Amino acid sequence: MIIEARKISRSYGRTPALRDASLSVTAGEILAVMGPSGSGKSTLLHCLAGIFTPDSGEVWFDGRRLDTMGDDPRTRLRRTAFGFVFQFGQLVPELTVTDNVALPLLLGRTKRKDAYKQAAGWLERLGLAEVGGRRTGELSGGQAQRVAIARALVTGPRVLFADEPTGSLDSLTGEQVMELLVGLAREEGTTVIVVTHDARVAACADREVMVCDGRLTDPYGVPDSHVTYAIDDDHAAGSYAVRDVHVTGSHADKGVR
């Protein structure tokens with residue numbers, strides 16, 4: 001497992017956002033976290049990424065406990081091992097497109113020449129070479145999200161966190177952006193955790209989980225702690241097939257199989 005959450009909870013004041021959520025993500029997996037607005041899915045992502053600290057429970061990344069790390073090592077980890085794509089890109093408007101993509105490398109003390117060479121390479125790869133000198137405000141929504149993807153992947157992160165990456169785009173552009181993101185992640189071997197309420201986005205993932213009222217459930221609405229999956233895993237074919245689902249406890253009589 002590259003990332004694991006163990007019974008994490010998080011509240012805002014007296015309002016619970018996550019309730020005893022447990023989740024394991026394997027290296028190279030593309031996981032979709034679905035749920036309506038306010039369900040707690042973005043809070044889950046932020047806890048997994050070390051942006052938020054859960055009130056209780058544990059978060060682990062690659063054998064290291066993330067939630068008890070100090071601010072400085074956690075920041076370094078996010079800078080080197082994690083990439084982020086947000087709904088509105090969060091690009092720096094005062095900088096050019098190339099500057100935005102090179103920025104994470106420069107913050108990581110990569111030599112300026114090398115940082116801009118890598119940034120230019122990613123822009124070329126994403127079909128954006130011609131807009132490298134523009135300000136981000138001159139871009140279309142789809143172009144801006146492709147720049148955000150380039151910025152997220154330029155450091156070679158092990159995990160990419162995407163929070164509603166197509167939420168501000170029309171359906172066609174959103175599909176194109178997701179196909180691009182997933183394709184690049186598979187090429188790079190990057191684990192992806194994407195938060196969405198769009199079933200078309202979730203369909204690009206290897207696996208889906210649901211968040212409802214702060215609780216993680218399987219797609220049938222049964223809490224994960226009551227469900228055991230038997231999975232046939234064929235890495236060579238790049239496929240995963242659920243062979244059997246066994247429901248225990250009080251949920252066993254609800255007809256979920």
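Brief remarks on what is shown
- Top-ranked residue of the range 187-246 - restricted to ones that are in a strand (DSSP E or B) and in contact with a His (Cβ under 9 Å, 6 or more places away or on another chain), ranked as modelled with the highest pLDDT: PRO223
- Close pairs from the range 179-207: first farther than 16 Å from GLY156 by Cβ, partner hydroxyl-bearing (Ser, Thr, Tyr) and at pLDDT below 95, Cβ under 7 Å, at least 6 apart: VAL195/SER42; HIS197/SER37; ASP198/THR166; VAL201/THR166; ALA202/THR196; ASP206/TYR240
- From the options LEU95, LEU103, residue that is touching a Leu at 6+ places or on another chain (Cβ under 8 Å), over 26 Å from GLY214 (Cα atoms) and loosely packed, with under 15 Cβ neighbours inside 10 Å: LEU95
- For the range 128-166, the set of residues classified as closer than 16 Å to LEU45 by Cβ and not polar (S, T, N, Q) consists of ALA148, ALA152, PRO157, ARG158, VAL159, LEU160, PHE161, ALA162, ASP163, GLU164, PRO165, listed by residue number.
- The range 11-51 - residue that is more than 17 Å from VAL195 (Cα to Cα) and of a type in the set (Lys, Arg) and, of those, surrounded by the most Cβ atoms within 10 Å (Cβ to Cβ): ARG19
- First in the range 13-39 and over 24 Å from ASP206 (Cβ atoms), second anywhere and in a loop (DSSP other than H, G, I, E, B), Cβ under 7 Å, 6 or more apart: PRO16/GLY214; ALA17/GLY40; ALA17/GLY214; ARG19/GLY214; SER37/HIS197
- Among the residues of the range 65-106, those that are in contact with a strand residue (DSSP E or B) (Cβ under 7 Å, 6 or more places away or on another chain) and part of a loop (DSSP other than H, G, I, E, B) comprise LEU66, ASP67, GLN87, PRO93.
- GLY142 fulfils the conditions (1) within 25 Å of ARG78 (Cβ to Cβ); (2) among the small types (Gly, Ala, Ser); (3) at pLDDT below 90 except for a single criterion, (1).
- Scan the range 40-64 for residues that are in a helix (DSSP H, G or I) and either of a type in the set (Phe, Trp, Tyr) or farther than 18 Å from ARG14 by Cβ (or both) and the total you get is 7.
- Single residue of THR80, THR15 found to be modelled with pLDDT under 95 and either within 23 Å of LEU105 (Cα to Cα) or in contact with a Phe, Trp or Tyr (Cβ under 6 Å, 6 or more places away or on another chain) (or both): THR80
- Among residues of the range 52-73, those that are under 18 Å from the mean Cα position of the chain (by Cα) and either surrounded by fewer than 19 Cβ atoms within 10 Å (Cβ to Cβ) or of a type in the set (Ser, Thr, Tyr) (or both), counted: 3
The values are calculated or read from the model by the stated rules, or taken from the named source; none is laboratory data. Predicted, not measured: the structure shown is a model, and the values here were computed from it. For neighbour counting, all protein chains shown are included, and Cβ atoms are generated from backbone atoms with ideal geometry for every residue, glycine included.
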